[in-house]
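In what follows, a structure is listed as structure tokens, so that the remarks can point back to it.
Readers should treat all values here as calculations from the given coordinates under stated rules, not as data from a laboratory. Predicted model only: the values in this text are computed from it and were never measured. Neighbour counts are summed over all protein chains in view; Cβ atoms, including those assigned to glycine, are modelled from backbone coordinates with ideal geometry.
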Amino acid sequence: MHFSPRVRTLAVRIRRMGLITCLCSLVPAASEARVVLLPEAPVKLVRNVSIFEVDAPIDVLPGDILTTSSQKGGAQLKDDGGTLVELGVATHVALGDGRAVSRGDALTALSLLSGWVKVARVAAVSSRDPMRIDTPALQLSLQPGSVVIDATPAATSVYVETGAVEASLPDMPESRKASHELTADQFAQRELGRPLQQAGRPSSEFVGRLPVIFRDPLRPLQHGPIQNLAPAQGHQATYSEISEWLTSSLPLRTTFVPRFRSLLHVKSFRSLVEQHVSDLPEWRRVLYPKKSLVPRPARYARPEKEAS
């Protein structure tokens with residue numbers, strides 16, 4: 001079939017436009033809002049099923065899991081809405097909470113497995129929606145203000161410098177999940193399975209362990225150019241590198257089977273998931289999928305002969 005030169009020219013233009021659109025979608029526009037990671041020391045980034053070491057400013061995405069250095073220093077997250085999150089050393093945090101699709105242009109939800117974070121939100125420019133932070137022992141909803149949080153897999157402490165926070169108990173029955181409001185200069189702490197304890201001032205233990213940088217108001221870190229893409233050099237995640245997340249009690253855990261199931265093709269990963277399947281019951285359906293049942297022809301009993 002032959003087309004006129006005009007039609008062929010139009011087709012070429014359409015193909016070129018499609019190609020340009022595809023290429024542009026890989027790189028955020030210069031004016032596009034973003035969430036940026038500013039590492040003070042190398043940070044481990046888990047993106048999809050790969051792990052990278054990040055030592056320069058980089059855009060981060062919903063679902064990214066970050067682990068700061070255990071000794072050298074922490075990192076800072078910031079968005080274009082005026083939210084700053086300082087991460088202490090040896091902090092394990094993920095962007096998002098698994099309940100809903102997180103926006104890629106704002107810090108609207110975090111999952112804190114363990115470590116220290118300080119959050120500062122500016123009322124004039126922050127999102128009108130509260131920022132959600134999940135920890136194993138507390139679920140927090142932050143209004144504009146400044147909050148310091150210390151979490152372990154079994155306990156959480158929170159100090160509200162300014163603003164207000166609603167705290168709920170994720171491991172309690174629905175009838176006992178009533179929110180507790182914390183306002184400026186209030187401190188609260190909780191261990192899993194126990195009631196929330198509130199006080200007018202932080203405990204001496206909390207103050208003694210408070211990172212020095214958290215004692216002052218947060219300021220945006222100075223930084224160089226920001227990378228749009230993850231570093232080229234990385235490796236596939238191993239079970240030991242993500243096992244604390246896989247077995248955590250955080251709501252984000254509900255996203256891990258579809259996210260990491262492709263790793264079951266790696267013999268060592270599959271073997272360790274099978275060994276710990278009692279702690280990972282949601283993995284049973286992908287480890288041992290039910291075999292499709294092939295319908296068998298119905299068997300009929302022979303009719304009895306009529307009595308003569």
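For T91, the residues 5 or more places off, or on other chains, whose built amide H falls under 5 Å of its own are T68.
Does the range 153-266 come out rounded, prolate or oblate, given a ≥ b ≥ c as the square roots of the eigenvalues of its C-alpha gyration tensor, rounded meaning a/c under 1.5 and, failing that, prolate meaning a/b above b/c? Because a/c hits 1.5 or more and a/b fails to exceed b/c, the range 153-266 counts as oblate.
Subtracting the Cα-Cα distance of S70 and S203 from 0.36 nm times their residue separation leaves 45.5 nm of extension gain. Take every pair of alpha-carbon atoms less than 8 Å apart whose residues are at least six positions apart; their mean separation over the length of the range 35-215 yields a relative contact order of 13 percent. Convex hull of alpha carbon positions in the range 239-286: directionally averaged projected area 3.0 nm².
For V35, the residues 5 or more places off, or on other chains, whose built amide H falls under 5 Å of its own are V60.
Taking a straight Cα-Cα cut-off under 15 Å and skipping sequence neighbours fewer than 8 places away in the same chain, the aspartates and glutamates within cross-link reach of K44 are E53, D55, D59, D64, E241, E244. The slack in the chain from R285 to D216, taken as 0.36 nm per residue of separation less the alpha-carbon distance, amounts to 20.0 nm. The packing ranking, built from the mean of other Cβ atoms within 10 Å per residue, places the peptides 107-113, 216-222 in the order 107-113, 216-222, highest first. Only alpha carbons enter this Debye calculation for the range 35-215, each as an equal point scatterer, and the log10 of I(q)/I(0) it gives at q = 0.16 Å⁻¹ is -0.95. Estimated from the Cβ-Cβ distance and a Förster radius of 35 angstrom, the FRET efficiency linking A41 and T162 is about 0.80. How large is the Kirkwood hydrodynamic radius of the range 115-217, in angstrom, based on all distinct alpha carbon pairs? Result for the range 115-217 stands at 13.8 Å. With the simple spin-label model, which puts each label point 7 Å out from Cα in the Cβ direction, the T247 to R270 separation comes to 2.2 nm. Extension gain for N228 to R259 (0.36 nm times residue separation, less C-alpha to C-alpha distance): 9.0 nm.
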